[in-house]
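The next block holds one structure in the form of C-alpha cells; read it before the comments.
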Amino acid sequence: MKSISNLFILLLALLCVSCDAKQMGTVEMHDTERKVWNSIEEFYYDNADTLSLRDISIVVRYDKGYVADSVAMSIVSISPDSLVVEEPFTLHIPRLSNLRPETQTFVYRRNALLKTPGRYRFRLTPHTAIEGINSVGIAINGSNSETNK
C-alpha cells in the first residue's frame with residue numbers, strides 16, 4: 001500500500017513539473033559599451049521543442065541617460081534551416097522619474113511556433129545610436145495564452 005501511495009505522489013510531482021515546464025524560459029542580455037547601444041547584438045536560442053507556442057520579447061535595461069521617445073530597430077531572425085526574416089520594430093520606452101535603472105520588456109511575437117529543431121539566431125540592431133541603454137536582450141518563454149484555450 002505504501003508503494004502505491006509513493007507511486008501516486010511521484011506521478012503527481014511529475015505532472016506538476018511537466019505542466020510548469022511551459023512557463024520556464026530563457027533570457028539572454030548583453031551589456032552595451034559606455035551605456036550607448038549602437039551596434040548589432042546577436043542572441044542564440046537552441047530549440048528542441050517544436051510543438052509548444054512561445055512568446056518572444058525584447059528586454060531593455062536603461063537609466064536616466066535615456067532621453068529618446070522611441071527606439072527604431074531591425075530584428076533579423078535566422079532559423080536552423082537558414083530561413084532569414086528581417087523586419088522593423090519600434091520600442092516605446094517610458095522615461096524614468098527616478099535615478100534607478102529600470103528594465104522593460106516588449107513583446108515581439110506572441111504564440112510563436114519554432115517548428116525546426118536547432119539553433120535560432122536573433123539579431124537586434126538600432127537604426128541610430130541610443131544613449132542610456134545599459135543592456136539589451138531577448139526573452140523566450142512558454143506562451144501564456146496556450147494555457148487559456
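Looking across VAL60, VAL85, one residue alone is open to solvent by 30 Å² or more (accessible area, probe 1.4 Å) and at pLDDT 95 or above. It is VAL85. In segment 66-82, the qualifying residues are those that are in contact (Cβ under 8 Å) with a residue 24 or more places away in the chain and open to solvent by 40 Å² or more (accessible area, probe 1.4 Å), and the one that is farthest from MET29 (Cα to Cα) is ASP81. Taking the criterion of being closer than 17 Å to VAL136 by Cβ and charged (D, E, K, R), the residues of segment 46-85 that qualify are ARG61, ASP63.
Taking segment 126-137 as the search range and keeping residues that are open to solvent by less than 10 Å² (accessible area, probe 1.4 Å) and of a type in the set (A, V, I, L, M), which one is modelled with the lowest pLDDT? Step by step, filter segment 126-137, then rank; the result is ILE133.
Does ARG123 count as out of contact with any Ser or Thr (no Cβ under 7 Å at 6 or more places or on another chain), surrounded by 13 or more Cβ atoms within 10 Å (Cβ to Cβ), under 22 Å from ASP55 (Cβ atoms) and not aliphatic (A, V, I, L, M)? The answer is yes for ARG123. The set of residues from segment 91-103 being surrounded by 11 or more Cβ atoms within 10 Å (Cβ to Cβ) and either among the hydroxyl-bearing types (Ser, Thr, Tyr) or modelled with pLDDT under 95 (or both) comprises ILE93, ARG95, LEU96, PRO101, GLU102, THR103.
When the test is whether a residue is hydroxyl-bearing (Ser, Thr, Tyr) and closer than 19 Å to ASN38 by Cα, THR103 passes it.
The values are calculated or read from the model by the stated rules, or taken from the named source; none is laboratory data. Since we're looking at a predicted model, the values are computed, not measured. So basically every Cβ, Gly included, is an ideal-geometry build from the backbone, and we count neighbours across all protein chains shown. Areas reflect the complete protein model, heavy atoms only, side chains present, ligands, DNA and RNA absent. Shrake-Rupley method; radii C 1.70, N 1.55, O 1.52, S 1.80 Å.
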